[in-house]
Amino acid sequence: MTAVAQWHDLLEGEELAYLATEPARAPRLVPFPDELHPALRDALAAQGIEQLYEHQAQAYAAVRAGRHVIVTTGTASGKTLAFNLPVLDALAADPKSRAVYLYPTKALAQDQARALGELAVPRVRPAIYDGDTPQERRPHIRRWANLILTNPDMLHIGVLPRHDLWADVLHNLRFVVVDEAHVYRGVFGSHVANVLRRLRRLARIYGADPQLVLASATIANPGELAHSLLGVRTTVIGDDAAPRAERTIALWNPPLLDAELGVRASAIGEASRLLASLVQRELRTICFAKSRKAAELIHRFAAERVGAETAKRLAPYRAGYTPQQRREIERRLVAGELLGVSATDALELGIDIGLLDCAISVGFPGTVASLRQQWGRAGRRGHGLAILVASEDALDQYFMREPETLIGRRVEAAILDHTNPRVLDGHVAAAAFEAPVDDADREILGGEALERAPHVPELRHTPNGWVWAGKDAPAARTALRSSTAEAFTVVDASTGALLGLVERERAYSTVHEGAVYLHLGDTYLVRELDLVARRAVVEPFAGDWYTQVKKETSTDIERAARVERRLGLELSFGDVSVTERVVAFQRKGIRDGATIATVQLDLPPTTFETEAVWYLPTERQLEGLERMPTLLSSLHAAEHSMIALLPLWAMCDRWDIGGLSTNVHQDTGAPTVFVYDGHPGGVGIAERGFEQFEGWVADTARMLEGCPCEHGCPSCVQSPKCGNLNEFLDKGGALTLLRRMLAS
């Protein structure tokens, strides 16, 4: 029986919103380059690799020609070999040369180290250098290894400030490889861009000028991302020559239970039913969920639906497992012992899960690029099936009604801004600690770094340039995943483990006392928020409710950088300061969203400067809507729905974006809608909205037109993060306004 016949009867009924087949694609193969080192050629042949995909050969030729390169092709297209080939070739010929491989997670570095170990190219000596590397091994690795695998955090705190220990590596540094480059966007990407510039600068001080090679999932702007991250022009290798199996794409919408409230059957329940049905047909399936709790519920529900023997062949897979546990699940999957795996989409993408038939995504993962990466797991051994099971979220429901906007959409642009002063200043200080910063550093660190130097505390100007005058190494003060030094630590009371950092500007709304906090898919309850020690103490939580804050927000326009007439109104982009005060929170039931309790909070206001896009609807566009509360409710609903769809244009999450709508703003004297970057200083999200304003508004209007509710629901104008708890929302008024804007 063909795979298609096995699932054909499953994909029918009112839940099926879309069904199509993507055709298979044959590989385009070329022979090994003549100049490839014989030892590398033999090592590849021993692995059964006798030819290359065209894009791998193109990457090899570009790197051999001395160019910086970014390889951006689909899942399972052989990107790893594309960057390994020129690097291993050079190290085999000249083992004194050094290469540094950068991975966003330790687990990915471990996967690559294992693969390099199996390849066993003579004279190539790989080693991992990260926070888990024993102290006694570190000097040996610095002396002996010529291919060092690490992560940006280790480079930032453990390598660059101690560059004297790394003199030989830096002097002989020939390659820097950045894998999973699409991960480096937003605040994290902005920090990593500065870390990479500091690495390039130190290499030059030690007499080296390394080539930079990046690998990325398919994104809309690979050349631009590479330039933002590295500060150099790169050659883009993006024509994917790897084979692709035929793939059936299905969009699955849980049945509507209440059309007016927009309530649908549980996406988790639907996903577990699909997973159970597929594994009962002996189809190897991976199911991606947004949280660990959801992944484990899907596993449990699916196991309850199948027989005891089949249930033994199901497993949850999550980020917190040890490498040994991950290897065991991988081994069982590859051997066919496991049939179904439910995983968080925070799952390290480096896992080699080989031959799968089906991939289920539970809820849109936030970007088309991520969805394509998840779907790319399906059909590794023949015709594959990829399913998106929709949640109630506005974006998910928009795709169910307008499937072509998802299927035909180009992937998003990955955006970062390394010049954001709140990000940059810590790296200017770190660079000055590493070596005096002077005008010659303008080329690598950028002119903005020199302009910020006089404003960075504890820097002193000397005849040699700007030097660090503080006591301790400043790099440790800058957390790579936060745009402010005033971050709160989140500590698990049950283990004492540090779970993460939350920017001060977000701490009061995400880790206030009594908040339900999600970290890597695990759920915690905040027991205490210490404002003086800047620490949130949490404990594991298994309740069936979540929390949502009520807050008062105001914005002040500091500077309009760009003002244009667009869609018949005045559209601006610039700098604003946002003041937020969290005044209460609600506990809400997970199953029905009903309010269980409202709890008052007494927290200080926070103010931060960021970037925003704002627009002033005209009197004509607001005709018939100008009376209160219709005016405010229409603007508020337009703001919510536009925030819900901005992730289609910028590679971000709706939680990265804030908004404010007002019937009259003190700085404009008119009705105004603001959408602002939720990170202090901004990372380019609002500017992307300004540039793509017409398409963004058109998408939003189409989303509102298609939603079957009459007055507004979670699938259109209601937001899970609304500071007004979704009061005063007029769906009809918002749609009237957006239609009039588009008609202009």
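Taking a point 7 Å from the Cα of Thr598 along the Cα-to-Cβ direction, the residues of region 522-564 with backbone N closer than 15 Å to it are 548-552. Cβ-Cβ distance of Glu564 and Arg739, R₀ of 25 Å, FRET efficiency by 1/(1 + (r/R0)^6): the value works out to about 0.75.
Please list the helices of the chain that count as membrane-span-like by this rule: a mean Kyte-Doolittle hydropathy of at least -0.5 together with Cα atoms stretching 27 Å or more along the helix axis, each helix being a complete DSSP H run.
Helices meeting the criterion: 186-205.
If you take all other residues with their beta carbon under 13 Å from the beta carbon of Ser661, and give Lys and Arg +1 and Asp and Glu -1, the sum is -3.
A Förster radius of 35 Å, combined with the Cβ-Cβ distance separating Ala46 from Lys96, puts the computed FRET efficiency at roughly 0.90.
Of the GluC sites (Glu not before Pro) found in region 221-272, the ones in coil according to DSSP and having at most 16 other Cβ atoms within 10 Å of their Cβ are Glu246, Glu260. Counted without the sites themselves, the longest stretch of the chain free of trypsin sites (Lys or Arg not before Pro) in a DSSP loop having at most 11 other beta carbon atoms within 10 Å is 234-409. Projecting label points 7 angstrom from Cα along Cα→Cβ for His227 and Thr133 puts them 3.4 nm apart. If the segment from Glu458 to Ala497 were pulled out straight at 0.36 nm per residue, it would be longer than the present Cα-Cα gap by 10.9 nm. For GluC sites (Glu not before Pro), the sites in region 1-104 that DSSP calls loop and that have at most 16 other Cβ atoms within 10 Å are Glu12, Glu14, Glu35, Glu50. Projecting label points 7 angstrom from Cα along Cα→Cβ for Glu304 and Glu619 puts them 6.2 nm apart.
Using a cut-off of 14 Å between beta-carbons, work out the net charge of the residues near Arg527 (Lys and Arg +1, Asp and Glu -1, Arg527 not included).
Net local charge, Arg527 excluded: -4.
Measure out, as a whole number of angstrom, how far apart the alpha-carbon centroids of region 561-631 and region 47-98 sit. Going from one Cα centre to the other spans 48 Å. Cysteines in the chain lacking any other cysteine Cβ under 4.7 Å from their own Cβ: Cys287, Cys358, Cys652, Cys722. Restricting the GluC sites (Glu not before Pro) of region 447-497 to loop positions (DSSP other than H, G, I, E, B) with no more than 16 neighbouring Cβ atoms within 10 Å leaves Glu458, Glu486. At a probe radius of 1.4 angstrom, the accessible area of the chain per residue rounds to 39 square angstrom. Over region 11-68, calculate the relative contact order: mean separation of alpha carbon pairs under 8 Å at least 6 apart, over the residue count, as a percent. Here the relative contact order equals 36 percent.
The values are calculated or read from the model by the stated rules, or taken from the named source; none is laboratory data. For clarity, every value in this text was computed on a predicted model and none was experimentally measured. Reconstructed Cβ throughout: ideal geometry from the backbone, glycine too, with neighbour counts over all protein chains shown. Just the protein is used for accessible areas: all its heavy atoms, side chains included, with ligands, DNA and RNA removed. Shrake-Rupley method; radii C 1.70, N 1.55, O 1.52, S 1.80 Å.
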